[in-house]
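Student: Structure provided below as structure tokens; questions to follow.
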Amino acid sequence: MSLQLWLVYLAAAMGLSLTPGPNGLLALTHGARFGLRPTVWTVLGGALGFLLLIAASLAGMGALLAASGTAFTAAKWVGAAYLVFLGVRLWRSPAPVVVTGASGRPGREVARPLRLFADGFLVAASNPKAMLFFAAFLPQFMVPGTAFASQFLLLGGTFAVVEVIYELLLAGLAGRIAPWLARHARLFNRVTGGTFVGIGAVLASASR
């Protein structure tokens, strides 16, 4: 891939990352509830999920979902069900414990890295619409005759790095709402949980 084509791809990847989506919302939510450092696990899980989708799209899974109504419907319902489950879990969870320490800075809930990583991974990997997008988007930047591994490392690696930087910025900015969260913790759970349920409902009703 030429440098000029890669720069075009980089700009497109940045535009895609800036589009509001469930992984960005998850990074923002976890950043506010747990802090930036624990949320790194969420972001890394999401990056791995996107890399899996990119690899599957390059290998032809995206074309399969586009061609097979049954495969698309099954993947759509699995993704939608997980987002609804995540939203209900967040809605029903106790109010985040945000306390103010001696330094005057708010503390946060204790996070389990594996759970945060799994949330990020499953939200990304269970989104068939993202796979369809990659299936339509990536071929425009593929170079005929180039090995699969090389194209995956370049295309997947570029997108993953862009997405990680964007989600870490969201998680870092989320710290600014921590004082508000200390006063309105349960409302935060309701709003973010309801949003995930809404995204799942939209995904369930989506067509190819």
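The values are calculated or read from the model by the stated rules, or taken from the named source; none is laboratory data. These figures come from a predicted structure and were not determined experimentally. Positions of Cβ are backbone-derived with ideal geometry, glycine not excepted, and every protein chain shown enters the neighbour counts.
Student: Where in the range 106-208 are there helices (runs of 4 or more DSSP H), lying fully within it, with 2 or more residues that are modelled with pLDDT under 75?
Tutor: Qualifying helices (runs of 4 or more DSSP H): 128-137, 178-183, 185-205.
Student: I need the full set of residues from the range 22-39 which are hydrophobic (A, V, I, L, M, F, W, C) and surrounded by 24 or more Cβ atoms within 10 Å (Cβ to Cβ), in order please. Don't jump to the end; show me each part of the working.
Tutor: Taking the range 22-39 first, the residues hydrophobic (A, V, I, L, M, F, W, C) are 25-28, 32, 34, 36.
Result: Leu26, Ala27, Ala32.
Student: Also: State which residue is modelled with the highest pLDDT when the search covers only the range 1-20 and only residues that are farther than 11 Å from Leu170 by Cβ and of a type in the set (Gly, Ala, Ser).
Tutor: The selected residue is Ala11.
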